[in-house]
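Below you'll find the structure, written out as structure tokens, and then a few comments.
FYI, it's all coordinate maths here, none of it is from the lab. Here the structure is a predicted model, which is why all the values come from computation and not from measurement. Here Cβ is always computed from backbone atoms with ideal geometry, including for glycine, and neighbour counts include all displayed protein chains.
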Amino acid sequence: MQITLTRRKALALMVVAAPATVFGADVRFELPVRSRVEIYKGSGVWRTVGSTEQYSTSRSAMLICDMWDRHWCGGSTKRVGEMTKRMAQTLAMGRSKGMQVIHAPSDVMDFYETYPQRQFMKQFAGTRVEPGLNLVDPPLPIDDKAGGCDTGESFYKAWKRQHADIPVEANDVISDKGNEIFGLLKLRGIDTLFVMGVHTNMCILNRTFAIKQMTKWGMRCVLLRDLTDSMYDPKQKPYVSHDEGTALVIEHIERYWCPSALSADLERGLG
């Protein structure tokens, strides 16, 4: 994967006084991850496969996708609120060991306009990237065409900022643009992205900074499966509970896009 930055731009980025990461020693850690394998190709029979992978804090980042203060769907707002404190704990552990934290709450960059963490990322706005790998993109196992809200509300733009329970610290960065985030990752030699937030079947997969595009650009993504949720209404196919719908999408991601892990295992590995 190639990235294009002018020499002058690259040099400028290295001396910016905004969140320039000066972390401690690199920490190598192990993490059990889960994936899915079709044992016999074309059979439709998939097996759960676990492995223990090696990672490095200096080459890893944690990305928070669209954890807004409020969602148009009441059920989603409730579940996001329940997730934030656990997420903040995992982020704090990652920061303490030198991992870059990226806040990516789409559509609310105006709120963060004056934040140095946002101003810093604007310098990557000129990053030009190629489309990336041409990967198979099978249909989801759930029907979300009606929006996926399980509590009956209709769409409106309810969000103004990221949820306040997720703190933005000095060395964090803020962006909702894939090319900006990819530019930062490449400049700092980061090759692994731990993704958390909402929603598995929508933004987690499809944002320009999220799993599909980052995977196409050669980034190793890992979904933190206990720090995510889906937009799924049990009144729609395959007519299972909301939690089962989320589990089906996580399984889909494990099959076709990237492995998943648990936040507790990540903290244990870092600790």
Tell me the trypsin sites (Lys or Arg not before Pro) within segment 16-119 that lie in a loop according to DSSP and have at most 16 other beta-carbon atoms within 10 Å.
Lys41, Arg70
Return the sequence-ordered ³J(HN,Hα) values of segment 244-260 in whole Hz as given by the Karplus equation 6.51 cos²θ - 1.76 cosθ + 1.60 applied to θ = phi - 60°, using x for Gly and Pro.
5, x, 4, 4, 5, 5, 4, 4, 4, 4, 5, 6, 10, 10, 6, x, 10
Please enumerate, by chain and number, the aspartates and glutamates with C-alpha under 13 Å from the C-alpha of Lys97, excluding those fewer than 8 residues away in the same chain.
Asp26, Glu267
In whole Hz, what ³J(HN,Hα) sequence does segment 163-168 give by Karplus (6.51, -1.76, 1.60; θ = phi - 60°), x for Gly and Pro?
4, 5, 6, 9, x, 9
Here is the link list: Lys122/Lys177; Lys186/Lys212; Lys212/Lys237; Lys78/Lys237; Lys41/Lys216. Which ones come out longer than 19 Å on Cα distance?
Lys212/Lys237; Lys78/Lys237; Lys41/Lys216
So for the pair Leu135, Val45, with labels modelled 7 Å out along Cα→Cβ, what separation do we get in nm?
2.7
Among Thr84, Thr52, Thr246, whose mean-square fluctuation peaks in a Gaussian network model of the chain (Cα, cutoff 10 Å)?
Thr52
Percent relative contact order of segment 150-271, based on C-alpha pairs within less than 8 angstrom and at least six residues apart?
24
Amide H of Val222 versus every other amide H placed in the peptide plane: which residues, excluding those fewer than 5 positions away on the same chain, fall under 5 Å?
Leu193, Phe194, Val195
When you take every Cα atom in segment 97-148, what is the radius of gyration, and what is Dmax, the widest Cα pair distance, in Å?
16.9, 42
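Counting other Cβ atoms within 10 Å of each Cβ, which trypsin sites (Lys or Arg not before Pro) in segment 199-253 have at most 16 and sit in a DSSP loop?
In loop regions of segment 199-253 (DSSP not H, G, I, E or B), the sparsely surrounded trypsin sites (Lys or Arg not before Pro) are Lys235.
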Using the Karplus curve 6.51 cos²θ - 1.76 cosθ + 1.60 with θ = phi - 60°, what ³J(HN,Hα) values do you get for each residue of segment 176-184, in whole Hz, with x for Gly and Pro?
10, 10, x, 5, 5, 5, 5, x, 4
Multiply the residue gap between Ser241 and Ala125 by 0.36 nm, knock off their C-alpha separation, and tell me the result in nm, one decimal place.
37.6 nm
In percent, how large is the relative contact order of the chain, given Cα pairs closer than 8 Å and 6 or more residues apart?
27
Note on segment 70-158: contact order normalised by length, alpha-carbon pairs under 8 Å, 6 or more apart, percent, works out to 67
